[in-house]
Ligand code: DGL
């Protein structure tokens, strides 16, 4: 098999990475994509760094065993805590979502503007976004806020229920009107964009990593001569538990027809 014909591997703790998958699919229609959702162990954001690292390495090794040509870590928590270690075990390029998310925010923010980073507790505690934003020439003021209930709400399919608005108000009402840009620093959060935007008000631009991460992946493939343009790409979905539920929510929340979802338990 030619290197360019090999699939791209993508993973997240659950459904959230599908927001990245969707962008990737629309940008790279010729690629075979293998998505892994660690539904048995979601959420990652409340787990220890050691646990997230161990899960991430396990999944990466599994996807690498499928002879992928690129690995996209479609999870901010795993990107914050495990990217360097995954790169050590990977013979193929490994991309995360923190850098693309930070770059999107910097594009959207005015000079000296205020950026509010939202994410899981693990991502916020790692300060990965603050570091990525501080590396830029454009200086912005950064505040980080963990929103730990957002992931379970999304995994429950409760993205537009009153409970989602109550949680968003609890976490974000103190920042209303005070941020120029809000980063959805968790791949689950774009599914809550409506309620988050309602709480933050019209002044705040909301950005996420999905589009920028997909563009980065395409750029990486182009620069390595690995782009597959020849045909219509296939999508394969694998989870660590409850495939029917994953399939149902992928369709309900994102309009993705996952078809037959395989199970891989660790
Ligand atoms: N969607 C993931 C992220 O981007 C993980 C959320 C979780 O499992 O807590 O951080």
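The numbers here are math on the coordinates, done by the rules we state, and not lab data. Since the structure is predicted, the reported quantities are computational estimates derived from the model, not experimental observations. Counting neighbours? That spans all protein chains shown, and the Cβs are built from the backbone with ideal geometry, glycine included.
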Subject >> For the range 90-134, the fraction of alpha-carbon pairs in successive 10 Å shells from zero, as % >> reply: 24, 50, 21, 4
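Can you tell me how the range 175-266 classifies by the Cα gyration tensor, rounded, prolate or oblate, using a/c under 1.5 as the rounded cut? Don't skip to the answer; put the middle values down first.
Numbers: a/c = 2.70, a/b = 1.37, b/c = 1.98.
Cα axes put the range 175-266 in the oblate bin.
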Original post:
In degrees between 0 and 90, to the nearest 10, how far off the longest principal axis of the chain does helix 18-27 point, with axes built from Cα atoms?
Top reply: 60
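Which shape class, rounded, prolate or oblate, goes with the range 213-266 when its Cα gyration tensor gives a ≥ b ≥ c as root eigenvalues, a/c under 1.5 marks rounded, and past that a/b bigger than b/c marks prolate?
Working: a/c = 2.40, a/b = 2.05, b/c = 1.17.
Prolate, because a/c is 1.5 or more and a/b exceeds b/c.
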Subject >> Area projected by the alpha carbon convex hull of the range 155-197, averaged over all directions, nm² >> reply: 3.1
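Express the relative contact order of the range 177-248 as a whole percentage, based on alpha carbon pairs under 8 Å and six or more residues apart in sequence. Don't skip to the end; give the middle numbers.
On the way: 39 pairs, mean separation 21.0, N = 72.
Here the relative contact order equals 29 percent.
Given Cα pairs under 8 Å that are at least 6 residues apart, what percent is the relative contact order of the chain? Can you show the working numbers first?
Values: 549 pairs, mean separation 69.0, N = 266.
This gives 26 percent for the chain.
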**OP:** Sticking with the crude label model, points 7 Å out along Cα→Cβ, report the distance from residue 173 to residue 251 in nm, one decimal please.
**Re:** 3.8
Original post:
Where does helix 98-108 land angle-wise versus the long Cα axis of the chain, in degrees 0 to 90, nearest 10?
Top reply: 50
Subject >> Helix-derived mean residue ellipticity, 222 nm - over the chain, DSSP H n ≥ 4, -39500 (n - 2.57), to 500 >> reply: -13000 deg cm²/dmol
Original post:
Dimensions of the chain along principal axes (Cα, Å, largest first)?
Top reply: 53, 41, 35
Subject >> FRET E, pair residue 163, residue 2, Förster distance 41 Å, beta-carbon r, rounded to 0.05 >> reply: 0.25
Original post:
Classify the range 77-212: rounded, prolate or oblate, from the alpha-carbon gyration tensor (a ≥ b ≥ c, eigenvalue square roots; a/c under 1.5 rounded; otherwise prolate if a/b is larger than b/c)?
Top reply: oblate
Original post:
With springs only between Cα atoms under 10 Å, which of 135, 157, 216 fluctuates most in a Gaussian network model of the chain?
Top reply: 135
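Which order do the peptides 199-206, 93-100, 256-263 take when ranked by the mean count of other beta-carbon atoms within 10 Å per residue, highest first?
On the way: 199-206: 17.0, 93-100: 23.4, 256-263: 14.2.
Ranked from most to least packed, the peptides come out as 93-100, 199-206, 256-263.
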Original post:
So what's the range 3-156 giving for Rg/Rh, alpha carbon basis, Kirkwood Rh from the mean inverse pair distance?
Top reply: 0.97
Original post:
Any idea what angle helix 76-89 forms with the longest principal axis of the chain, computed on alpha-carbon atoms, 0 to 90 degrees, nearest 10?
Top reply: 40
